[in-house]
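Please treat every number below as a calculation from the coordinates, not as lab data. It should be emphasised that the depicted structure is a prediction, and the values quoted were computed from it without experimental measurement. Here Cβ is always computed from backbone atoms with ideal geometry, including for glycine, and neighbour counts include all displayed protein chains.
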Amino acid sequence: MATLPDLPTAMALLEEGHRRNPGPWMAHSINVGAAARHIAARLPGLDPERVYLLGLLHDIGRREGVTGMRHVYDGHRFLLDLGYADAARIALTHSFPVKDIGAVFGAWDCTPAEVAELSSALDAVTYTDEDRLLQLCDCLAIANGFCLLEKRLVDVVMRYGKAGFPAWVHVKWAAYFDLLHHFDRLLGHSVYDLLPGVEAITFNRSV
Ligand SMILES: [Fe+2]
């Protein structure tokens, strides 16, 4: 069985999820896929169309409603049940540049058994540049386009960290900067060179 849907199926899943739970997450997902596709097009060993699909589906757990880290569990389970193992892997790994189930900004609104299930699934994965690219692109894309990593990182902590500055912030932010530098090195130039409109979105100019 294919471990990824084709493009029309992936888009239909995303649109169905958005009908169930409307919000900016659909446009964000499309932009994450687009960022990954732009970067992968310049790197041998990464498939631009594959990473686009993975970006479209990385947050598909949002279909179940407005949740915290539960979206990771729901997305992973939903895609596994459909047989899309590679997309399920990214629905899990996209939130873990630090490969530790405790290293999250949001609250774990899952049962302890569900967290344990995800923890074993995460332990079983060996990260590749595909996982790393989706982790990075999740933090380079917002609903209206591409943006500076720092802007998105602050935005996430502002949304999730209302109860206080979350633990792990320094370690996770360092991991995201490591990812950015990793892809800068692979490309031989800045990742931002490949993201059209990034300056306008970052500085809130209309494009
Ligand atoms: Fe995301």
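The order of F105, F203, going from fewest to most other C-beta atoms within 10 Å of their C-beta, is F203, F105. Dipole orientation for the chain: of the candidates G145, Y84, I201, I201 has the Cα lying most toward the positive pole (charges on Cβ; Lys, Arg +1; Asp, Glu -1). Placing unit charges on the Cβ atoms of the charged side chains and taking the dipole of the chain about its Cα centre, the candidate lying farthest along the positive direction among T128, P5, M26 is M26. Report the local net charge at N21: Lys and Arg +1, Asp and Glu -1, summed over other residues whose C-beta lies under 15 Å from its C-beta. That works out to -1.
Around the Cα centre of the chain, unit charges on the Cβ atoms of Lys, Arg, Asp and Glu (plus for the first two, minus for the last two) sum to a dipole of about 500 debye. Distances between placed amide hydrogens fall under 5 Å for A141 paired with C147, all partners being 5 or more residues away or on another chain. For the pair the range 182-203 and the range 10-76, the centres of their Cα atoms are 20 angstrom apart. Mean separation of Cα pairs under 8 Å and 6 or more residues apart, divided by the residue count, gives the range 7-201 a relative contact order of 23 percent.
What the Cα atoms of the chain give is an Rg and a Dmax of 15.9, 46 Å. Toward the positive end of the charge dipole of the range 92-207, with +1 on the Cβ of Lys and Arg and -1 on the Cβ of Asp and Glu, the farthest Cα among A174, S95, V157 is that of V157. The Cα atoms of the range 137-207 give a gyration tensor whose axes a ≥ b ≥ c have a/c of 1.5 or more with a/b no greater than b/c, which makes the shape oblate.
Each Lys and Arg contributes +1 and each Asp and Glu -1, all at the Cβ; summed about the Cα centre of the range 46-130, the dipole is approximately 140 debye. Take the Cα of L7, step 7 Å toward its Cβ, do the same at V125, and the gap between the two points is 2.5 nm.
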